[in-house]
Amino acid sequence: MILDKRKFQLHLKTETLGHGFHLYERIDSTNRLAMEFLREGAPEGTTILAEQQTGGRGSNGRQWESLPGGLYLSVILRPQLMLADIFQLTLVAAFGVAQSLARLTGADVRLKWPNDLVIEQGGRLAKVGGILTETRIQGDRLAGAVVGMGINWDNPVPAEAARLKPLSRRDLDLAPVAAAVLLGLEESYQLWRQRGIERIVSGYERYLVNLGQAVEVPGHDGQGRIIGIDERGALRVLFLDGGETLVMPSELRLGYAR
Ligand code: BT5
């Protein structure tokens, strides 16, 4: 196995996340399996790891290329959360994972709105990871969620994407990387529960590459500038006339040019 179970356990510094974990050499999607475990009642923190995915999921039906050498993991969370605020979990994960990977590797890992981990390379942004949150809803409440994280470490990646291992100041294999990602998620999740979404928003904005970027928003005249995100993960865009608008992830896709 590329991911050493014992080594992973030795590196794991979390209180809850990753303590119950299932490691697979090859499965279709860690998110799909985690959703199944969620339905069956698996507790918060249950983690599914795979060395390779044959049907890795991106958002909106897109695919996540998941060849060996990368990190593919999904974590079950059971937060108290209103349905309208579900996107907060993606912000929590994005901030936590960007921060922990930057700390671990020394690489300048940043966030591209809404759910991409990127680095700047050759004057453009290259995607090094992505986050996909899926939820289970019962009636009008959230029964649980799965946060899936894919990190390009040492795997072959699509054109214009990048891997983190060559950028890391430390020579690491997947075990400490997996442990660090879980710790980053847990720290951010605890911060969110104790201090609320405001702290996550400001943390997320510290890593956001899109701040100050000029954008055109469908239905609005002229260019606006990105000034941050709101508590539901919408992009805040300010126009020259002083008007501000909120843009949901489904309404706009930002490019990779700098
Ligand atoms: C994402 O979607 O970025 C979320 C990716 C989440 C993957 C993890 S892996 C563990 C867990 N189990 C799963 O089944 N999924 C999660 P999105 O923003 O929609 O980006 C998808 C797009 O990124 C694709 O359409 C490609 O253009 C590009 N892409 C695909 N594979 C990539 C890779 N390995 N590296 C960089 N870009 C990739």
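Note on the range 74-100: residues that are assigned to a helix (DSSP H, G or I) and surrounded by fewer than 24 Cβ atoms within 10 Å (Cβ to Cβ) amount to 7. Scanning the range 11-57 for residues that are over 18 Å from Leu185 (Cα atoms) and exposed (fewer than 15 other Cβ atoms within 10 Å of the Cβ) gives Glu25, Arg26, Glu36, Arg39, Glu40, Gly41, Thr54, Gly55.
Hey, does the range 207-221 have a residue that's under 25 Å from Thr46 (Cβ atoms), touching a helix residue (DSSP H, G or I) at 6+ places or on another chain (Cβ under 7 Å) and of a type in the set (Phe, Trp, Tyr)? No, because not a single residue in the range 207-221 is under 25 Å from Thr46 (Cβ atoms), touching a helix residue (DSSP H, G or I) at 6+ places or on another chain (Cβ under 7 Å) and of a type in the set (Phe, Trp, Tyr).
Evaluate the following for Glu198: is it in contact (Cβ under 8 Å) with a residue 24 or more places away in the chain and open to solvent by 50 Å² or more (accessible area, probe 1.4 Å)?
yes
For (1) at pLDDT below 95; (2) closer than 30 Å to Leu73 by Cα, each residue gets a yes or a no:
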{"position": "Trp192", "(1), (2)": "no, yes"}
{"position": "Arg195", "(1), (2)": "no, yes"}
{"position": "Gln213", "(1), (2)": "no, no"}
{"position": "Gly243", "(1), (2)": "yes, no"}
{"position": "Pro249", "(1), (2)": "yes, yes"}
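Within the range 138-170, being near the ligand (Cβ under 9 Å from one of its atoms) and open to solvent by less than 20 Å² (accessible area, probe 1.4 Å) holds for Val146, Val147, Gly148, Met149, Gly150, Ile151, Asn152, Asn155, Ala162. Entry remark, the range 228-244: residues being in a strand (DSSP E or B) and surrounded by 15 or more Cβ atoms within 10 Å (Cβ to Cβ) number 6 in total. Criterion applied to Ile86, Ile76 was being without any contact (Cβ under 8 Å) to a residue 60 or more places away in the chain and not assigned by TED's automatic domain parsing to the domain that holds Glu231, and the one residue passing it is Ile86. Could you look through the range 61-73, keep only residues that are in contact (Cβ under 8 Å) with a residue 60 or more places away in the chain and not in a loop (DSSP other than H, G, I, E, B), and pick out the one that is farthest from Ser250 (Cα to Cα)? Here the residue is Pro68. Here Leu252 meets the list (1) in contact (Cβ under 8 Å) with a residue 60 or more places away in the chain; (2) closer than 24 Å to Thr133 by Cβ almost entirely, failing just condition (1). Could you run through the range 163-211 and say how many residues are among the polar types (S, T, N, Q) and assigned to a helix (DSSP H, G or I)? Count: 4. Report whether or not Glu36 is acidic (Asp, Glu), free of Cβ contacts under 8 Å to residues at least 12 places away in the same chain and assigned by TED's automatic domain parsing to the domain that holds Ala175. Taking the combined requirement at face value, the residue satisfies it.
The values are calculated or read from the model by the stated rules, or taken from the named source; none is laboratory data. All values reported here derive from a predicted model rather than from experimental measurement. Cβ: placed from backbone, ideal geometry, glycine included. Neighbour counts: every protein chain shown. These accessible areas exclude ligands, DNA and RNA; they are computed on the full protein's heavy atoms, side chains included. Shrake-Rupley method; radii C 1.70, N 1.55, O 1.52, S 1.80 Å.
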